[in-house]
Amino acid sequence: MTITRRGFLVASAGLAAMPVLRATAAPLPREADIVVIGAGAAGIAAARRITATGRKVVVVEAASQIGGRCITDSTTFEVPFDRGARWMHNPDTNPMIRLARSVGLDVLPAPSGQKMRIGRRNARAGETEQFLAALVRANRAIDDASRAKLDTSCASVLPKDLGDWAGAAEFMLGAGFAGKDLKELSAIDKGRAQDRNAAIACRQGLGTLITKLGEQAPVALSTPASRIGWSNRDVSVETPAGKIAARAVIVTVSTNVLTSGAIKFTPDIPKRTLDAASKLGLGSYDRIVLQLPGNPLGLSRDDILIEQSNSTRTALMFANIGGSSLCSIDVGGSFGRDLSEQGETAMAAFAKEWITKLFGSEAASAVQKTSATRWNASPFVMGAMSAASPGGQLSRKILTEPIGNVFLAGEATHETLWGTVDGAWESGERAADAALRKIGALKDEPADVPTQSTKKRRAPRQ
């Protein structure tokens, strides 16, 4: 049986009302129509899309929980905070926001601005304007460079007179945006990225949302795929729990995992694909979470704070998360990567040093408990978000090309929403559609259903 795209979308929307089924330790099925590798946002989106057609899907996940890079921690401090992705975007077109409400979760706009700190005082209005002007000028220079025929690094096109705010601007546009320093970031990739200013939070956590949406999918946890045999007709997926025969497979692992060889392919996947993935290596972005009872920093709920810095050895603070006593000190880029390699003790020491510099030693002494993420050391992820190296932007489109009956998905395959959970979700739906068409389960018909990728990208800043 085939289903038209229009009828399929109606069925897909109805999934929100289905009974919730938890992933169980049931025996791994030996066959399926489509196997999905990875239970992050892309994998769960793909599985839901396939389920809506009535086709048999199984999701194999190497980790012990659903979520991928969307993990909400509710146990360390007994209040939820996101260890990975924190925001959704584009509320007018993002289906995840509607789905969040349908499963009883709360969504709300993220803070629209940030506070600036110069040493131990808040920036004055004129100083904040200087920073914003520096940020706009730097971003405009990158936007202009993104329209050139030859790609270059973002750092190479920055204005040379950004003054005292140069370090903060570089951090916000590079490490804070893509997990990489601007010298490692493609100007075309950065310039083509869809605007992410309209950020939306899930009060219970973005990881909680992906987990709730994944409860409807047949997910085998702690079941890493070790080998994929593929052709133009069928596939087989080998795991420690057994082999699954299928007609197609959707692979949603990160670019770093794909190029690491952790999953073997028989025959080898094309060099063109691996080269593309290598040009989209993951940046580094981690959170050092401090428990600060009594609000010794005097900040408001969900305040975002950055400092004037003469280097990218700096951080971003997300304070009093959800009205709690938790403050997240976010580090990224080459500095964040080096710090993460030193371990959680060094990361906590830096966070205390950083708040001491901005608020005094009393603030650091008020820290009751700490926790830090180390995404680079996670064997099933190996980093944060994908970011194209100079010359690598076209690699995103290459990753969307089918390889026989193998289809790739994940934020790295989205040309404008890379680095976001929104892009990951949409890529999973895109890959599911392609796989369903390949096996004859989905027949296209003229339809115009707006998606985030069809939404007009922002005009260049004036």
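Annotations
- Each of Ala169, Gly336, Gly283 was scored by the projection of its Cα onto the charge dipole of the chain, and the greatest displacement toward the positive side belongs to Gly283; charges sit on the C-beta of Lys, Arg, Asp and Glu.
- For the listed residue pairs Lys279/Lys397; Lys183/Lys369; Lys160/Lys180, the alpha carbons are over 24 angstrom apart in Lys183/Lys369.
- Rounded to the nearest 20 debye, the dipole size of the chain about its Cα centre is 760 debye, using +1 on the Cβ of Lys and Arg and -1 on the Cβ of Asp and Glu.
- Reachable aspartates and glutamates, given that their alpha-carbon falls under 16 Å from the alpha-carbon of Lys271 and they are not under 8 places away in the same chain: Glu401
- Using alpha-carbon coordinates, inclination of helix 125-146 to the longest axis of the chain, degrees: 40 degrees
- Taking every DSSP beta bridge that has both ends in the chain, the antiparallel portion is near 65%.
- Relative to the current alpha-carbon distance between Arg227 and Asp195, full extension at 0.36 nm per residue lengthens the span by 7.8 nm.
- Compared with the alpha-carbon gap, the fully stretched path from Arg120 to Asp302 is longer by 63.5 nm at 0.36 nm per residue.
- Length, then width, then depth: along the principal axes, the Cα atoms of the range 212-346 run 62, 37, 24 Å.
- Size descriptors for the chain: radius of gyration and Dmax over Cα atoms are 22.0, 68 Å.
- Net length gained if the chain between Gln368 and Lys271 were fully extended (0.36 nm per residue, minus Cα distance): 29.9 nm
- Ligands, DNA and RNA aside, Asp73 has an accessible area near 20 Å² when probed at 1.4 Å.
- Taking the inverse of the mean reciprocal distance over all distinct Cα pairs, the Kirkwood hydrodynamic radius of the range 116-203 comes to 13.9 Å.
- For peptides 327-335, 52-60, sequence by mean Cβ density within 10 Å, most packed first: 327-335, 52-60
- Proximal lysines relative to Lys264, as straight alpha-carbon distance under 16 Å, when same-chain residues fewer than 8 apart are discounted: Lys243
- Compared with the dominant Cα axis of the chain, that is its longest principal axis, helix 41-51 is turned about 30°.
- Rounded to 10°, Cα long-axis angle of helix 421-438 versus longest principal axis of the chain: 10 degrees
The values are calculated or read from the model by the stated rules, or taken from the named source; none is laboratory data. Because the structure is a prediction, the values reported are computed rather than measured. Quick reminder, even Gly has a Cβ in these numbers, built from the backbone with ideal geometry, and neighbours come from all protein chains shown. In case anyone asks, the SASA skips ligands and DNA or RNA and just uses the protein heavy atoms, side chains included. Shrake-Rupley method; radii C 1.70, N 1.55, O 1.52, S 1.80 Å.
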